[in-house]
1. Given the options 352, 413, 399, name the one that is touching a residue at least 24 places away in the same chain (Cβ under 8 Å) and either over 23 Å from residue 81 (Cα atoms) or surrounded by fewer than 16 Cβ atoms within 10 Å (Cβ to Cβ) (or both).
2. Looking at the range 106-118, is at least one residue assigned to a loop (DSSP other than H, G, I, E, B) and more than 18 Å from residue 183 (Cα to Cα)?
3. Among the residues of the range 14-65, write down those that are in a loop (DSSP other than H, G, I, E, B), surrounded by fewer than 14 Cβ atoms within 10 Å (Cβ to Cβ) and at pLDDT 95 or above.
4. So, in the range 115-136, exactly how many residues are without any contact (Cβ under 8 Å) to a residue 24 or more places away in the chain and within 15 Å of residue 40 (Cβ to Cβ)?
5. Starting from residues that are closer than 19 Å to residue 41 by Cα and touching a helix residue (DSSP H, G or I) at 6+ places or on another chain (Cβ under 7 Å), keep the ones in the range 99-111 and report whichever is surrounded by the fewest Cβ atoms within 10 Å (Cβ to Cβ).
6. Answer with yes or no whether residue 314 is modelled with pLDDT under 95, over 16 Å from the mean Cα position of the chain (by Cα), assigned by TED's automatic domain parsing to the domain that holds residue 90 and over 30 Å from residue 409 (Cα atoms).
7. In the range 167-184, which residues are in a helix (DSSP H, G or I) and surrounded by fewer than 24 Cβ atoms within 10 Å (Cβ to Cβ)?
8. Which of the residues belonging to the range 320-361 are in contact with a strand residue (DSSP E or B) (Cβ under 7 Å, 6 or more places away or on another chain) and over 29 Å from residue 179 (Cβ atoms)?
């Protein structure tokens, strides 16, 4: 996109927003400080680099678009390309199955050595890293239970896995000078109606307590726990429900992870942020796009995404909410999926930063709901796109849809040869 054209449009947009009391330059500076954590598993359909075992735990990736990453080097190369097309300095979110194992993976005792290549790459790029235990796609998870299993050997295996994942997170935090958010999600549950929900939840609480027993400085590692309504194979009962993890996070000072696809189809996480943050110090978001339910479609610039961003910005939650993405679409170019989803998230944050929040709040508190509604509608046609294009260009990334040509070139030069 022509730089002169972008600058001219920005000057006009800046003037229009100034009339509402909004400083677009200040909004851009604020946006630069909000990192989004890109999820590595979009790059290979949640396969990981341990083995060729099938996905389990209710996780499914549909499609077979060519060129997916088959090792850590390829995945980092693909992430490099995606990040070059996304404005701002961000983070990358890893799962425990994405290490460099030299043919000897050990899920029980995840080794820091397997992730030193990732740490060096992140350090060279100035990125932060986040981490997740992988409590699925493994023979020890075939029963459908991990941390809440009544089998002591299974339970012990996954407790050890979680402990070692926290040490990897601590390592990342120390190496990169930025705390790593280490998230725990388990697929435990029943396909049909169970008798003993309470027993499994008591076991899960005890397992988590043991897993988190070692104190790790929050300067290096932040523990998060992730809830879910139900999953494939656990339709009737999910042990790690929202109520369970909400209570656990409150009681034990952990981050609560809210995934946009893990609730009822008409239930949205944007409405939960202000309630949860009354009782919990920090939240982790896994921003996805559920279609009907947890289908993990690529994030787009839709209403719920904008509502999520508005709740973060209007309440100054930027320092308390860690924004991560969680989707995996194997039917389209995987790098394009990263770019589309991440740019949409950043756009949503920008539109929230361009909102005259104080004016709207004053109208609301004065009972002038007419003005509130009228202004919210008028803001929808404000020229935020001109500010977005300017931000992209000033960040050294393509404005508009110019990034797509680079993805196509990369596909022809790199992906098509895998």
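The values are calculated or read from the model by the stated rules, or taken from the named source; none is laboratory data. Values in this document were obtained by computation on a predicted structure and should not be read as measured data. A quick note on method: Cβ atoms are made from the backbone with ideal geometry, for glycine too, and the neighbour counts reach across all protein chains shown.
1. Testing whether each residue is touching a residue at least 24 places away in the same chain (Cβ under 8 Å) and either over 23 Å from residue 81 (Cα atoms) or surrounded by fewer than 16 Cβ atoms within 10 Å (Cβ to Cβ) (or both) leaves just 352.
2. For the range 106-118, residues assigned to a loop (DSSP other than H, G, I, E, B) and more than 18 Å from residue 183 (Cα to Cα): present.
3. Of everything in the range 14-65, those that are in a loop (DSSP other than H, G, I, E, B), surrounded by fewer than 14 Cβ atoms within 10 Å (Cβ to Cβ) and at pLDDT 95 or above turn out to be 19, 21, 33.
4. Qualifying residue count, the range 115-136: 0.
5. 100
6. Taking the combined requirement at face value, the residue does not satisfy it.
7. Hits for the range 167-184 are 167, 170, 171, 174, 175, 176.
8. Answer for the range 320-361, where residues must be in contact with a strand residue (DSSP E or B) (Cβ under 7 Å, 6 or more places away or on another chain) and over 29 Å from residue 179 (Cβ atoms): just 329.
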